[in-house]
Every structure is written in structure tokens, then in C-alpha cells.
1. Give me the accessible area of residue 84, 1.4 Å probe, in Å² rounded to the nearest 10.
2. Can you pull the one-decimal nm distance between simple spin-label points at residue 85 and residue 34, each 7 Å off the Cα toward Cβ?
3. For the pair residue 119 and residue 21, how long in nm is the line joining their label points, each one 7 Å along Cα→Cβ?
4. State, as an integer percentage, the relative contact order of region 37-103 based on alpha-carbon contacts under 8 Å between residues 6 or more apart.
5. In Å, the Kirkwood hydrodynamic radius of the chain over pairs of distinct alpha carbons?
6. Send over a whole-number figure in Å² for the accessible area per residue of region 1-114, probe 1.4 Å.
7. List the chymotrypsin sites (Phe, Trp or Tyr not before Pro) within region 28-108 that DSSP assigns to loop and that have no more than 16 neighbouring Cβ atoms inside 10 Å.
8. Which one of 32, 54, 72 has the biggest mean-square fluctuation once the chain is modelled by GNM with Cα springs under 10 Å?
Amino acid sequence: MKITYWSDFACPYCYIGNSRLKRAINDLNLDVEFDIRAFELDQNAPKDVKSTTVERFAIKYGLSIEDARKQVAQISGLGRDEGIDFKYESTLYTNTRDAHRLMKLAQDKYPENVEKLARLLLMLILLKTLSWQIRKCYLKSL
């Protein structure tokens with residue numbers, strides 16, 4: 001079976017859904033090939049971090065800081081329920097285009113490493129509080 005899905009590395013729901021899907025596939029003992037496609041949630045997101053996730057939620061959804069913090073905490077809780085060590089409140093909001101470009105390169109030249117790279121990018125963007133510039137240096141060191 002082949003599953004094609006579109007995802008952004010900055011999307012916590014994508015990470016949660018991916019985790020749930022893979023667990024179900026494992027539970028059912030299915031042989032599945034994944035075809036990951038790029039979908040940038042915010043093509044205009046800055047490369048340099050301008051705000052925290054809580055501040056971005058407050059502005060984007062017209063919430064108070066406290067309500068935004070609660071919404072972000074709820075998303076983090078969903079991740080933790082899946083065994084993901086989410087630190088979504090401290091995630092640095094940034095453009096993911098370079099991450100998608102890196103994934104495309106891996107798909108074209110190193111297809112055997114695509115799943116590992118996808119997990120690494122999700123981890124770096126959603127679980128680590130690193131700016132994309134630091135992430136690029138980290139990836140170069142691997």
C-alpha cells in the first residue's frame with residue numbers, strides 16, 4: 001500500500017497525525033510506503049524568528065495571551081498523549097521552505113533516508129527551540 005500525504009514540518013497536528021497513522025499501521029502489521037509531499041502552512045513566515053508561538057496564536061486567532069497559552073498547551077497535551085515530547089510553547093515560528101527543499105533533495109537523491117530526515121526535521125522544528133539558522137548548521141554536522 002502507498003500513502004501520499006501533504007505535511008508541513010511546523011504543523012503539530014501533522015506530527016500527531018503521522019504518529020497515530022504509523023502506530024495504526026504497525027498495529028495492523030501492514031506494509032506501507034509513504035510519499036511525503038510539501039505543504040507550507042505559511043509561505044510568508046519570516047526566516048528570522050519574530051514572535052513566540054503563544055504570541056503568534058494570540059495575533060493570528062485574536063486571542064488573549066492567556067487563551068493562546070491554553071490553546072498551545074492543549075496541542076502540546078495531544079502530542080504528549082502520543083508519546084511526543086512537545087515543547088510547542090517554546091517552538092520558534094519560522095519559515096519552513098528550506099526544510100521542504102532539503103526533503104525534496106533527499107527524496108530525489110537519497111530516498112532510503114527520507115523517513116529519517118522527516119523525523120529529524122519534525123523533531124528539530126517542533127521539539128527543539130532552535131532557530132532555523134542553527135538547525136541548518138546542525139543538519140550540516142550530521
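The values are calculated or read from the model by the stated rules, or taken from the named source; none is laboratory data. What you see is a predicted model; the values in this text were computed from it and never measured. Note that we place each Cβ from the backbone using ideal geometry, even for glycine, and neighbour counts take in every protein chain shown. Remember, those area values only see protein heavy atoms, side chains included, never the ligands or the DNA or RNA. Shrake-Rupley method; radii C 1.70, N 1.55, O 1.52, S 1.80 Å.
1. For residue 84, the solvent-accessible surface is approximately 10 Å².
2. 1.9
3. 1.6
4. That works out to 45 percent.
5. About 16.0 Å, per the Kirkwood formula over Cα pairs.
6. Details: 7070 Å² over 114 residues.
Dividing the accessible area of region 1-114 by its residue count gives 62 Å².
7. Values: sites: 34, 39, 57, 61, 86, 88, 93; in loops: 39, 86, 93.
Taking region 28-108 and a limit of 16 other Cβ atoms within 10 Å, the loop chymotrypsin sites (Phe, Trp or Tyr not before Pro) found are 39.
8. Evaluated over the chain, the most mobile residue of the options is 32.
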